[in-house]
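All remarks here apply to the structure that follows.
Laboratory data are not the source of any read-out in this text; all were calculated from the coordinates shown. Quick caveat: nothing in here was measured; it's all calculated off a predicted structure. Note that we place each Cβ from the backbone using ideal geometry, even for glycine, and neighbour counts take in every protein chain shown.
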Amino acid sequence: MFEQRGIRDVLEAASASLTAAGIADAEVDAELLLAHVLGEPRGRVQALAVLGRELDVAQVERLDLLVSERARRVPLQHLTGRAPFRSIELSVGPGVFVPRPETEIVSQFAIDALLSVPGPQPLAVDLCTGSGAIGLALAHEVPHAKIFAVEKSPEAHAWAQRNTEEWGDGRVELLLGDVAELDPSQRSASTPLVRAFAGLRGRVDVLAANPPYVPDAMVPRDPEVRDHDPALALYGGADGLDLVRVISRVGCDLVAPGGTIVIEHAEQQGRAIRELLSADGWLATATHPDLTGRDRATTAIAPGESATNGSELYSAAEPVDE
């Protein structure tokens, strides 16, 4: 029975196990899991490996357990309990969609639009907030803004509440409810969500959303997504755009003239989303790629006196015309 093992050897063994399980970034995941065990940043783990430091039995056993779970394709973020997103780090776990790096560019469009608002306290809405990623990024990077965030799932809402307490700075109002309740074409009953938004109609400067947009028949290949992300956060009807249509109508009701809507979507959906936004009266619709070159976000401007100024915000983003 050994007492200690060198970090370098432990990481090599962990990386080999994860590679055999089909993990694409096995070495990175191994380092992040060990960083979680040690309570250290990943860079510190790399430095300790170079220095020839060793781990005790308890640390090795804990890492082995995490590696075996990761090899079963349990998401890395579920094992560490944290997901980096832009300049913040969110708490995540079962029941909530794990925020992805591609959503960071969606947040950037919303942040840029919010920063361009001349008022002392610009107003933003984050629909389908999940863990709270977009709304909390807005609050963190636009410190004079007020944010309203909405989530339908009680499980995801609980994670968002935890993150709002950590990162919201008292400027994020998190609400539990179905976005469809706000649809002006369907709205009838006065639900708590409808009442909370009654005073926001025509006043919102930026509306952002990362809705479920996977078509029902297109089951994701990655086990981390297919088996662990909640279906409510993934699937959006036959063409994936059921909730996007609702969000467009809700945005028409909430967003002020010249205000901005930003919607995340799959790379094949840009044209369809531009068309439905235009049909609802939105102006200057444009689809933008993420850092991998895939179409990821579509923006538009609410009609009104300030619409021309708002559309200029995206002129440097090289919108995609299909």
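Hey, rough spin-label estimate for Ala58 and Glu89, points 7 angstrom out along Cα→Cβ, what's it come to in nanometres?
2.1
Please give me, ordered by residue number, the trypsin sites (Lys or Arg not before Pro) of the range 176-267 that lie in loop per DSSP and have at most 10 other Cβ atoms within 10 Å.
Arg221
Using a cut-off of under 20 Å, list every residue of the range 1-43 whose amide N is near the label point 7 Å from the Cα of Thr292 along the Cα-to-beta-carbon line.
19, 21-30
Calculate the FRET efficiency for Asp253 and Arg226 from the Cβ-Cβ distance with a Förster distance of 30 Å, rounded to the nearest 0.05.
The formula returns an efficiency of 0.30 here.
Distance from the Cα centre of the range 5-78 to that of the range 109-147, in angstrom?
First find each Cα centre; the distance between them is then 36 Å.
For the ranges 289-298, 36-45, what's the packing order if you count other beta-carbon atoms within 10 Å of each residue, average per peptide, and put the highest first? Walk me through the intermediate numbers first.
Values: 289-298: 18.0, 36-45: 14.7.
Per-residue mean Cβ counts within 10 Å order the peptides as 289-298, 36-45.
Give, as a single signed number, the net charge of other residues whose beta carbon lies under 10 Å from the beta carbon of Leu182, with Lys and Arg counted +1 and Asp and Glu -1.
Local charge sum for Leu182: -1.
Could you tell me which helices of the chain pass both thresholds, a Cα extent of 15 Å or more along their own axis and a mean Kyte-Doolittle hydropathy of at least 1.0, with helices taken as whole DSSP H runs?
TM-like helix candidates: 26-38, 103-115.
Using a simple spin-label model with points 7 Å from Cα along the Cα→Cβ vector, what separation in nm is obtained for Arg5 and Arg72?
1.9
For a label point 7 Å from the Cα of Ala272 along Cα→C-beta, name the residues of the range 217-258 whose backbone N is under 16 Å from it.
217-220, 234-248
How much net charge surrounds Arg296 when only other residues with a Cβ under 9 Å from its Cβ are counted (Lys, Arg +1; Asp, Glu -1)?
Charge balance near Arg296 sits at -4.
Quickly estimate the mean residue ellipticity at 222 nm for the chain, helices only: each DSSP H run with n ≥ 4 gives -39500 (n - 2.57), and the total goes over all residues, rounded to 500.
-12000 deg cm²/dmol
Please give the FRET efficiency for Ala20 paired with Ser188, using the beta carbon to beta carbon distance and R0 = 41 Å, rounded to the nearest 0.05.
My answer for the efficiency is 0.15.
Just to verify a number: FRET efficiency for Asp216 and Glu40, C-beta to C-beta distance, R0 = 30 Å, to 0.05?
It comes to 0.10.
Rounded to the nearest Å, what's the spacing between the alpha carbon centres of the range 159-227 and the range 250-289? Just the number, please.
Between the Cα centre of the range 159-227 and that of the range 250-289, the gap is 17 Å.
Could you point to the residue in Ile273, Gly258, Leu48 farthest towards the positive end of the chain's charge dipole, with +1 and -1 charges on the Cβ of Lys/Arg and Asp/Glu respectively?
Most positive-ward Cα: Gly258.
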